[in-house]
Amino acid sequence: MSRIRNIVVLTGAGISAESGIATFRGPGGLWEGHRVEDVCTPEALARNPELVHRFYDLRRAALETVEPNAAHRALARLDRECPGELLIVTQNVDDLHERAGAARLLHMHGELQSALCGACGIRHGWTGALPPDMECPDCGSPALRPDIVFFGEMPYQMERIEAALAACDLFVSIGTSGAVYPAAGFVQLAEAYGAETLELNLERSAGSGWFGETRLGAAGVLVPAWVEAVLAEV
Ligand code: NAD
Ligand code: ZN
């Protein structure tokens, strides 16, 4: 019997980098030329809704120009073939995991192709531009905003994530800097519950010391190799 049955995978912007989507902390610590505080906080949305909406409109439009890479495809294969429990928790707001075919997937920081009503809280699938003051199809309030979890807001489905971490035998973090909480703390939680922990990243992340093992390199190379090996074990 293998020791590994249930797996939780956490992904970050690094897994989409080889598809051509910029990571969060690109050159100069900016996200696509903007300070994170200017596009990723409730205060920024309140102060300058035009800028924040336009920023995510551009990110949403850019999805049409990119494709999943070998790392997304390998995780989709893991999803199809892993006989135990699997949960892919992504911090990414792109749709490359689902386009590669992954289904046991959760977007903890929201999705570009979704609009959230600030009045009634209902989420609506969204493509194309989302100007400020769009009316909510449900409650009619002119309160639709990008469905992105900003700093200071509660990520989605934390209870489900914590239950999966408690039940997993292996926690794998891919392409994330370990700078954004609570995701950065998942490794400690998984470890406390007795799971093995593995980091796959281009460079050591902020919480690298918490992982039982770290493999450094590009996700497009490391992830297919890891999936191949783990499927031979489960
Ligand atoms: P981050 O930018 O802080 O860190 C990315 C990490 O990936 C870095 O440690 C970097 O060394 C590593 N990396 C870069 N290229 C890689 C590659 N080819 N292979 C493996 N690793 C690589 O990203 P984060 O930790 O996900 O930051 C969190 C926030 O950024 C999230 O909340 C997310 O919503 C937001 N974000 C999402 C996207 C997206 O949806 N694709 C893009 C940018 C930012
Ligand atoms: Zn509404």
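Could you pull out every residue, at least 5 positions away or on a different chain, whose amide H is within less than 5 Å of the one on Ser173? Hs are placed 1.01 Å off N in the peptide plane, and Pro or chain starts have none.
Amide H neighbours of Ser173: Leu10, Leu198, Glu199, Leu200.
Suppose every K and R has +1 on its Cβ and every D and E has -1 on its Cβ; what is the size of the dipole of the chain about the Cα centre, in Debye to the nearest 20?
220
Using DSSP loop states and a limit of at most 15 other Cβ atoms within 10 Å to flag GluC sites (Glu not before Pro), what is the longest stretch of the chain containing no flagged site?
Answer - 33-84.
When DSSP assigns beta bridges and you keep just the ones with both residues in region 82-152, what percent turn out antiparallel, to the nearest 5?
Counting DSSP beta bridges with both partners in region 82-152, the antiparallel share is about 70 percent.
Quick one: pull the percent of accessible area on the chain belonging to carbon and sulfur, 1.4 Å probe, ligands and nucleic acids left out.
Of all accessible area on the chain, carbon and sulfur atoms account for 52 percent.
So what's the back-of-envelope 222 nm ellipticity for the chain, counting only DSSP H runs of four-plus at -39500 (n - 2.57) apiece and dividing by all residues, rounded to 500?
Result for the chain: -9000 deg cm²/dmol, rounded to the nearest 500.
Which ³J(HN,Hα) values, rounded to whole Hz and listed in residue order, are derived for region 206-215 from phi using the Karplus coefficients 6.51, -1.76 and 1.60 in 6.51 cos²θ - 1.76 cosθ + 1.60 with θ = phi - 60°, glycine and proline given as x?
Going residue by residue, I get 4, x, 3, x, 7, 7, x, 9, 10, 10 Hz, with x marking Gly and Pro.
Relative to the longest principal axis of the chain, what angle (0 to 90°, nearest 10) does the C-alpha long axis of helix 49-62 take?
Rounded to the nearest ten degrees, it is 50.
Write down the radius of gyration of region 141-234 and its Dmax, each obtained from C-alpha positions, in Å.
Cα only, region 141-234: 15.4, 52 Å (Rg, Dmax).
Taking a spot 7 Å from the Cα of Ala163 along the direction of its beta carbon, which residues of region 53-85 have an amide N less than 18 Å from it?
84-85
With springs only between Cα atoms under 10 Å, which of Cys136, Cys168, Cys120 fluctuates most in a Gaussian network model of the chain?
Taking springs between Cα atoms under 10 Å, the residue moving most is Cys120.
Which ³J(HN,Hα) values in Hz, rounded to whole numbers, follow from the phi angles of region 20-25 under the Karplus curve 6.51 cos²θ - 1.76 cosθ + 1.60, where θ = phi - 60° and Gly and Pro get x?
Karplus-based 3J(HN,Hα) across region 20-25 equals x, 9, 5, 6, 5, 9 Hz.
Would you work out which of Leu144, Gly20, Val230 lies farthest towards the positive end of the dipole of the chain? Charges go on Cβ: Lys and Arg +1, Asp and Glu -1.
Val230
For the chain, set up a Gaussian network in which alpha carbons nearer than 10 Å are linked by springs, and say which option among Val66, Val223, Val93 fluctuates the most.
Greatest mean-square fluctuation among the candidates belongs to Val66.
To two decimal places, what compactness ratio does the chain give when its Cα radius of gyration is scaled by 2.2 N^0.38 Å?
1.02
Report, for the chain, the % of DSSP beta bridges that are antiparallel, rounded to 5.
For the chain, the DSSP antiparallel bridge percentage is about 25.
With springs only between Cα atoms under 10 Å apart, run a GNM on the chain and tell me which of Gly84, Gly207, Gly175 wobbles the most.
Gly84
Determine the dipole magnitude for region 10-123: charges of +1 sit on the beta-carbon of Lys and Arg, -1 on that of Asp and Glu, nothing else is charged, the reference point is the Cα centre, and the result goes in debye to the nearest 20.
That gives a dipole near 80 debye.
Counting only other residues whose beta carbon sits under 14 Å from that of Gly29, what net charge do I get with K and R as +1, D and E as -1?
-1
The values are calculated or read from the model by the stated rules, or taken from the named source; none is laboratory data. For clarity, every value in this text was computed on a predicted model and none was experimentally measured. Reconstructed Cβ throughout: ideal geometry from the backbone, glycine too, with neighbour counts over all protein chains shown. For accessibility, only protein heavy atoms count, side chains too; no ligands or nucleic acids. Shrake-Rupley method; radii C 1.70, N 1.55, O 1.52, S 1.80 Å.
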